[in-house]
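The block underneath contains the structure these notes are about, expressed in structure tokens.
Every number here is computed from the coordinates shown, using simple stated rules; none is lab data. For clarity, every value in this text was computed on a predicted model and none was experimentally measured. In this analysis, Cβ positions are derived from the backbone assuming ideal geometry, glycine residues included, and neighbour counts consider all displayed protein chains.
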Amino acid sequence: MKRLAIIAGKGHLPIDVAKTATADGYYVLVLPIEGQADADFTGYQVSSIRLGGIGKTRSIITRQGIDQLVMVGKVVWPSIAALRPDFDGAKLIGKMITKGDDHVLRLIAAYFAEKGIETIAPYRFLPGRKMPLGVIHNGISADQGTISPEGDEAIACGVSVLAALGTHDVGQSVIVQNGRVIAIEAAEGSDAMIARSATLLDPDGGVACFVKMAKSAQDLRLDVPVLGGDTIRSAAIAGLSLLAVEAETVLLADDLASIRAACAAHSITLIGIEQQGRP
């Protein structure tokens, strides 16, 4: 029997992965991150872990004979002091100060690989949940197949900004309006960035656009950009009208019908844009 460990952050994606893996014949071990995972894992083998307890986490996984690992769910990185890392965790996470979290995540994957544990992307267990290409819902125009020239310009501006920032391990999202950068995602995550943009947007300043793409050097086994109904609702509250996210890369936290319904309820236009080149 195939054996899979799921390092589970916040949200219901970890339980969605667990259900699919179980149906596919995997033995599933769920490792909820303390203080972050919030799904109900009743019925699964569960062992809670600390975000900084990397050495202990590997020991738990190897004792169970696990050979595949998925990291899924939202994770908020606290300060290094608050992580309380174990010995191996301190060696790896300490490099976040100078190298950034993308580099540290790769080191963590390599650390697990030393024991024959393969880290795989969650896409495998979430069929049909990749953002499709094209207009998903048009909340501005009755023409569901096209975006206005102003919207196209806003998307192009956001894509250009993210492409320039992608090698610097900054965030995956940006908000632009009328050719101006309103907000760039940093450590706070896209939902918090959207919330702080509310006071910066001009209600009469034209299309306010949110663009989300994976970073150019991002390892999608370890850190997958996600869009869900909560982000759509937050965007509407902030005054955004257009969301453009990278197709075939951004993972939908909810099924496509639910995403489309959320857009319709909040008059949001959502479009999947072409994948950007990555090494």
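Can we say A164 is closer than 26 Å to V75 by Cα and more than 15 Å from the chain's Cα centre (by Cα)? Judged against the criteria, A164 is a match. Among the residues that make up segment 42-59, is at least one of them loosely packed, with under 15 Cβ neighbours inside 10 Å, touching a helix residue (DSSP H, G or I) at 6+ places or on another chain (Cβ under 9 Å) and within 20 Å of P122 (Cα to Cα)? No. For segment 70-89, filtered to residues that are out of contact with any Gly (no Cβ under 8 Å at 6 or more places or on another chain) and in contact (Cβ under 8 Å) with a residue 12 or more places away in the chain, the residue that is surrounded by the fewest Cβ atoms within 10 Å (Cβ to Cβ) is P78.
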